[in-house]
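Undergrad: First, the structure itself, so that you have it in front of you.
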Amino acid sequence: MTLRELTPLRPAVVVALRLDDDEVRWLRALGLAEGAAVVVLRAGPFRGPLQVRVGERTAFAIDRAVAGAIEVAPSPEPAP
């Protein structure tokens, strides 16, 4: 499953980043790396960006195309 397909407010764990090196470095600098806890807070209207939270404190918007290249696995734990 990808981050784009994740139901809002459902916790997940990042499994893989299928992006080019520059995008991977940018996401890792924000804390979004393999093994990180992530949750989609809300989806923008009209296929707008997704607002995501990584861990307990970091939140940012991400383009749906980028979110479609981030593989996640649902987590049984509550969202951070």
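Just so you know, all these numbers are worked out from the coordinates, no wet-lab data involved. Source: prediction; values computed, not measured. Glycine also receives a Cβ, built like all others from the backbone with ideal geometry; neighbour counts cover every protein chain displayed.
Undergrad: Mind counting the residues in segment 9-60 that are closer than 17 Å to residue 73 by Cβ and in a loop (DSSP other than H, G, I, E, B)?
TA: Adding up the residues that qualify gives 10.
Undergrad: Which residues, counting only those in segment 50-63, are buried (at least 16 other Cβ atoms within 10 Å of the Cβ) and either of a type outside the set (S, T, N, Q) or touching a residue at least 40 places away in the same chain (Cβ under 8 Å) (or both)?
TA: Within segment 50-63, 50, 52, 53, 54, 62 meet the criteria.
Undergrad: Out of curiosity, is residue 31 farther than 11 Å from residue 12 by Cβ and surrounded by 14 or more Cβ atoms within 10 Å (Cβ to Cβ)?
TA: Taking the combined requirement at face value, the residue satisfies it.
Undergrad: Using the structure shown, decide if residue 23 is charged (D, E, K, R), surrounded by 13 or more Cβ atoms within 10 Å (Cβ to Cβ) and within 16 Å of residue 1 (Cβ to Cβ).
TA: Here the answer is no, as residue 23 does not meet what is asked.
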